[in-house]
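**Q** I have a structure here, written as C-alpha cells, and I will follow up with some questions on it.
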C-alpha cells in the first residue's frame, strides 16, 4: 500500500510555526512585565530612601529650601511610581493576551495533529487489512491448487 501522506501537512506546519511565534511573543511580554516590575521596585526603593532622608533632615534642622527640594524630589518619584504602576498593568495585560493567543495557537495545532494521528492510524489499519486480504487470497489460491492437483486415493475415498 502507498506511503501515508497527510493532505493538511502544510497547514499543520504553519500552525506549529504560529505556535512558536506566539510562544516567542509571550516570552517577550513576560520579559517586559518583569522589567516593569523591577523598574517599579527600584523607584519605590529610591522613594523610601528619599522619605527616610527627608525625615532625618527635618529632625536635624535642615533649611526650609533643602526640605522643599526633598519634597519636590519625592513628588517626582511619586509620579514615576504611578507611571510604573500603569506600565505594569499594561504589561500584565499584554502577557494575558499573549497567553490567550498561545493557547488558541496550541489548540489549533493540536486539533490538526490529532486529525493527522487518526488519519495515519486509519491508513495503517487499511494497509493491514489489505495485507490480510492478500494473504487470505494467496492461501485460498494455494488451497484450491493443491486440491485440484492432489490425486485422490481410492482407498481413502471409500469408507471401508
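**Q** Quick check: is even one residue across the stretch 31-54 assigned to a loop (DSSP other than H, G, I, E, B), in contact with a helix residue (DSSP H, G or I) (Cβ under 8 Å, 6 or more places away or on another chain) and exposed (fewer than 15 other Cβ atoms within 10 Å of the Cβ)?
**A** No; the residues of the stretch 31-54 include none that is assigned to a loop (DSSP other than H, G, I, E, B), in contact with a helix residue (DSSP H, G or I) (Cβ under 8 Å, 6 or more places away or on another chain) and exposed (fewer than 15 other Cβ atoms within 10 Å of the Cβ).
**Q** Oh, and also: Which of (1) farther than 30 Å from residue 39 by Cβ; (2) under 19 Å from the mean Cα position of the chain (by Cα) does residue 95 not meet, given it meets every other one?
**A** (1)
**Q** Restricting attention to the stretch 45-70, and to residues there that are under 49 Å from the mean Cα position of the chain (by Cα) and without any contact (Cβ under 8 Å) to a residue 12 or more places away in the chain, which single residue is farthest from residue 94 (Cα to Cα)?
**A** Checked the stretch 45-70; the qualifying residue farthest from residue 94 (Cα to Cα) is 52.
**Q** Turning to a different aspect of this structure: Name the one entry in 101, 13, 19, 117 that is surrounded by fewer than 12 Cβ atoms within 10 Å (Cβ to Cβ) and within 35 Å of the chain's Cα centre (by Cα).
**A** Going through 101, 13, 19, 117 in turn, just one is surrounded by fewer than 12 Cβ atoms within 10 Å (Cβ to Cβ) and within 35 Å of the chain's Cα centre (by Cα): 117.
**Q** Could I ask something else about it? Considering each of 79, 95, 42, 73 in turn, give the residue that is in contact (Cβ under 8 Å) with a residue 12 or more places away in the chain and over 28 Å from residue 12 (Cβ atoms).
**A** Exactly one residue qualifies, and that residue is 73.
No lab work stands behind these numbers, since they all come straight from the coordinates. Because the structure is a prediction, the values reported are computed rather than measured. Backbone-built Cβ (ideal geometry, glycine too); neighbour counts: all protein chains shown.
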